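Peer 1: Structure in structure tokens, see below.
The values are calculated or read from the model by the stated rules, or taken from the named source; none is laboratory data. Because the structure is predicted, anything quoted here is derived from the model rather than measured. Note that we place each Cβ from the backbone using ideal geometry, even for glycine, and neighbour counts take in every protein chain shown.
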Amino acid sequence: MTMDRRTVLKHVGGAAGIAALAGCTSVQESNSNGTTDSGESSGKAKAWYSLPETEMPQRKQAIKSFNQQSPHTIQGADISEMEKKTTSTIPAGQGPKTFEWAHDWVGDYYERGFVVDQSDAVDVSLDQFIGPAREAIQYEGNLVGLPHDAETVTLIYNTDVVDSPPETVSDMVSIMEEYHAPKQNKYGLSYPFDPYFTSAWLQAFGGYYFDPNEDPMLGVDKKKTVRGLKFALDNFVPYMPDDAKYETQAAPFADGNAAFAINGPWYLATLNDKDVNYEVTTLPTVDGGEPKPYTGITMWYFSKGMKQGGADTKAARKFIEWYATNEDLIRKRAEKQGAIPVLDSLVGSDDLPNQVTAFSKSVDQGTPMPTHPKMNKVWPPMKTALTKAFNGDASPEAALNQAAKTIRNKWG
């Protein structure tokens, strides 16, 4: 999340007609006096999230469903610039009780006191979640949230253009070369070119962005990482629109004017709304390497305000527990939005759509984003570097060397 990907997605595509949630797991009802049968006071809590328009109806319905069944009330709010808002309001005691984002903020936000441990308070067994999800929500033994989805990017192809998915990048290039005709508004590939989306290739030949277990920890300027960037520039960029930004890249495939897209599960709601004929498959193989896209675990964080305890904190915690473990809710997210479940009971289920199964395979193929506090300083310089390389303003080596220098300076 990989940086600001949710921010750029917010206004892509129209609102999808999403069916109301039904059959959601019930939570304890309140008495007419506003307390539960056990005498517990009802609480209110703010929950922040940042979603594309296509995901908003289902999120609002989920919160409504919880509020109708619970003594507690969740006040949801769609927030732009989530990082800026959380880092300014939470220290001042004005932020939400919980907020939704990917797991790459875990270490940084815990070290800065923006999120807190709730391991002694949650009423949920972590064994319900797959291993990578359990690991993502903890930092040095502290439980700082609960997970609900996995995410990564993979290959999507237009079935009106492509008969069968390419097994190799070379096969894919052949198809793109034949279809690509920018003057006729036809493109080989729709592919946002930023550090999260392109990580599969920069890490395909043994390169890496950041790994606390490696020496050096920072790998953006290593020859193998440079090789990966050069590979992406040579094999994909010639068949893409000439602007690296998400909106420009995502639009052609969504409009039926591209053979391929590389994007994440959040993109499927837009494609469904646009009536594009598509299938989802794994990333194609590459000679001498293996694509390793970054993977993320989307989670509800336990914000600093939950340290205070009380009815409002309990409201937030009960909502998070309900959302993270509600099979009906999560199954519907998979069906309508391509969300990748992390509940053990749903992973690999025959009830999930084929698209979700393909994304799950790509998650297995990928590399979890680091939770180390230093990782947050890696994203912005890498975004600058990839934009320069994409535009031809710097060679892959020069762009990544500059990124490494900037990151080390930021680390101090």
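Peer 1: Check off (1) of a type in the set (S, T, N, Q); (2) modelled with pLDDT of 50 or more; (3) within 30 Å of residue 275 (Cβ to Cβ) for residue 2 and give me the number that stays unchecked.
Peer 2: Going through (1) of a type in the set (S, T, N, Q); (2) modelled with pLDDT of 50 or more; (3) within 30 Å of residue 275 (Cβ to Cβ) one by one, residue 2 breaks only (2).
Peer 1: Please specify each residue of the stretch 334-379 satisfying the condition of being aromatic (Phe, Trp, Tyr) and in the same structural domain as residue 136 (by TED's automatic domain parsing).
Peer 2: Hit for the stretch 334-379 is 359, nothing else.
Peer 1: Restrict the check to the stretch 73-88 and report whether at least one residue is farther than 25 Å from residue 196 by Cα and either among the aliphatic types (A, V, I, L, M) or modelled with pLDDT under 95 (or both).
Peer 2: Yes, because at least one residue in the stretch 73-88 is farther than 25 Å from residue 196 by Cα and either among the aliphatic types (A, V, I, L, M) or modelled with pLDDT under 95 (or both).
Peer 1: For the stretch 334-370: of the residues being aliphatic (A, V, I, L, M) and free of Cβ contacts under 8 Å to residues at least 60 places away in the same chain, which is surrounded by the fewest Cβ atoms within 10 Å (Cβ to Cβ)?
Peer 2: Result: 346.
Peer 1: Assigned to a helix (DSSP H, G or I) and surrounded by fewer than 22 Cβ atoms within 10 Å (Cβ to Cβ) - does that describe any residue in the stretch 88-102?
Peer 2: yes
Peer 1: Shifting gears a bit: Filter the stretch 311-369 for residues that are of a type in the set (Val, Ile, Thr), in a strand (DSSP E or B) and touching a helix residue (DSSP H, G or I) at 6+ places or on another chain (Cβ under 6 Å) and give the result.
Peer 2: Selection gives 340 alone.
Peer 1: Any idea which of 388, 405, 410 is in a helix (DSSP H, G or I), more than 19 Å from residue 245 (Cα to Cα), charged (D, E, K, R) and touching a helix residue (DSSP H, G or I) at 6+ places or on another chain (Cβ under 7 Å)?
Peer 2: Going through 388, 405, 410 in turn, just one is in a helix (DSSP H, G or I), more than 19 Å from residue 245 (Cα to Cα), charged (D, E, K, R) and touching a helix residue (DSSP H, G or I) at 6+ places or on another chain (Cβ under 7 Å): 410.
Peer 1: Another question, if that's okay. Six or more apart or on different chains, Cβ atoms under 8 Å: show the pairs whose first residue is in the stretch 371-393 and in contact (Cβ under 8 Å) with a residue 24 or more places away in the chain and under 20 Å from residue 192 (Cα atoms) and whose second is in a helix (DSSP H, G or I) and basic (Lys, Arg).
Peer 2: Here the result reads 381/410, each pair linking the stretch 371-393 to a residue that is in a helix (DSSP H, G or I) and basic (Lys, Arg).
Peer 1: If you scan the stretch 307-324, which residues turn out to be without any contact (Cβ under 8 Å) to a residue 60 or more places away in the chain and on the phi < 0 side of the Ramachandran plot?
Peer 2: Within the stretch 307-324, just 308 meets the criteria.
Peer 1: Can you tell me which residue within the stretch 66-85, out of those that are part of a helix (DSSP H, G or I) and in contact (Cβ under 8 Å) with a residue 60 or more places away in the chain, is surrounded by the most Cβ atoms within 10 Å (Cβ to Cβ)?
Peer 2: Only one residue tops the list, namely 66.
Yes or no, residue by residue, for (1) closer than 19 Å to residue 158 by Cβ; (2) free of Cβ contacts under 8 Å to residues at least 12 places away in the same chain:
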{"site": "202", "(1), (2)": "no, no"}
{"site": "206", "(1), (2)": "no, no"}
{"site": "211", "(1), (2)": "no, no"}
{"site": "220", "(1), (2)": "no, no"}
{"site": "225", "(1), (2)": "no, no"}
{"site": "228", "(1), (2)": "no, no"}
{"site": "239", "(1), (2)": "yes, no"}
{"site": "243", "(1), (2)": "no, yes"}
